[in-house]
Amino acid sequence: MSLPLLTPEDIRRYHRHLIIPEVGSAGQRKLKGAKVLLIGAGGLGSPAALYLAAAGVGTIGLVDFDVVDVSNLQRQILHGTSWIGKSKVESGKAHLTELNPEVEVIGHEEPLTSDNVRRIFEPYDVILNGCDNFPTRYLANDAAVFMGKPLVDGSIFRFEGQATVYLPGKGCYRCLYPDPPPPGAVPSCAEAGVLGILPGFVGVVQAIEAVKLILGIGESINGRLILFDALEMRMREVRIRRDPECKVCGDNPTVTELIDYEEFCGMPHRESSVERALDDDGEAAPGTKAA
């Protein structure tokens, strides 16, 4: 596939990229021709979308069917006060277009379901998951596995965040968390809370990983779970591996069709089960329900 050419305006805008040997004009053309889908225009999707647009990713898709609420503005920097009560997708489009009018922003203002996920995912090169509910998280994971799409995953809880990348054939979200917890088993978003600045860190990590995948540079965090503790200002890394018994990406998968789980909001608290599940070599055991 031929890559789009850079215009004189592109050369001015992306000058700091063009002088980096690992990017250069060839890399910037890759970014311009790339398509990244963001699931959720909220806490994680906001910083990721802004930096991907600023970097010159040619097409950015936003999946969200919510409206902007005043309580979102503590962390969802893609939106502003004047957009309260209005569509997050439209707010995101307006802000990203203002930041970089050369980027095409495609809105998918609908809930992600087993009926539409393949259609929505199909045009995109990289899927960035920033949703805040388990049913969508599992649906996105399974669809990415079935369609061979790289999935850049992130989550947040109070003062803690985590991020990783799942590449086709090299493990998936279900290798760590085989099944979603039952409704009510974890605190809801509103009950648990989150430090408003924390999503900025995790979302930027996701954006960096997406850009690296597009450019084909550096070392992906695939096979590594990055755990960030904002209170202690510490970042740890846990090695993870594909589970050959995984229900979706294992050697003999038992989940072969997309599933719509009952929707509920909540993010798991990262417990010491991560540490307890580590092998002697510091590698997470397959099937560990770490959070």
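The values are calculated or read from the model by the stated rules, or taken from the named source; none is laboratory data. Here the structure is a predicted model, which means the values were calculated and not measured. In this analysis, Cβ positions are derived from the backbone assuming ideal geometry, glycine residues included, and neighbour counts consider all displayed protein chains. Ligands, DNA and RNA are stripped out before the accessible areas are found, and what is left, the full protein with its side chains, is counted by its heavy atoms. Shrake-Rupley method; radii C 1.70, N 1.55, O 1.52, S 1.80 Å.
Worth pointing out:
- Working from label points 7 Å from Cα in the Cα-to-Cβ sense, the LEU231 to THR254 distance is 3.7 nm.
- Using a probe radius of 1.4 angstrom, the carbon and sulfur fraction of the accessible surface of the chain is 54%.
- Note on segment 201-262: Cα-only Rg and Dmax are 15.7, 41 Å.
- Between 0 and 90°, nearest 10: helix 45-55 axis offset from the chain longest Cα axis: 40
- Legend: Rg and Dmax of the chain, from Cα coordinates, 18.4, 55 Å.
- Amide H contacts for VAL67 (H built 1.01 Å from N in the peptide plane; partners 5 or more residues away or on another chain; cut-off under 5 Å): LYS88.
- All other residues whose Cβ lies under 13 angstrom from that of ILE106 are scored, Lys and Arg at +1 and Asp and Glu at -1, for a net of -3.
- Measuring nothing but how far apart in sequence close Cα pairs (under 8 Å, 6+ apart) lie, relative to its length, the chain scores a relative contact order of 18 percent.
- Neighbourhood net charge (10 Å Cβ-Cβ; Lys/Arg +1, Asp/Glu -1) for GLY218: -2
- Each residue of segment 153-169 was assigned a 3J(HN,Hα) from its phi angle through the Karplus expression (A = 6.51, B = -1.76, C = 1.60, θ = phi - 60°), giving 10, x, 8, 9, 7, 6, 10, 10, x, 8, 8, 7, 10, 10, 9, x, x Hz with x at Gly and Pro.
- Per residue accessible area in Å² of segment 128-229, where ligands, DNA and RNA are left out and the probe is 1.4 Å: 32
- Nearest 10 degrees, 0 to 90: helix 198-215 Cα axis against the chain principal axis: 70
- Taking N as its residue count, the alpha carbon Rg of segment 135-242 over 2.2 N^0.38 Å: 1.09
- Hz values of 3J(HN,Hα) by residue in segment 9-25 - Karplus curve (6.51, -1.76, 1.60), Gly and Pro given as x: 5, 4, 4, 5, 5, 9, 3, 5, 6, 5, 8, 8, x, 6, 10, x, 5
- Amide H contacts of ILE106 (H built 1.01 Å from N, in plane; Pro and chain starts excluded): ILE60, GLY61, LEU62 sit under 5 Å, all sequence-distant by 5 or more or on other chains.
- The magnitude of the dipole of the chain, with charges of +1 and -1 set on the Cβ of Lys/Arg and Asp/Glu and taken from the Cα centre, is near 820 debye.
- Charge context of GLN206, other residues only, Cβ under 12 angstrom, K/R +1, D/E -1: -1
- Directionally averaged projected area (segment 95-140, Cα convex hull): 4.0 nm².
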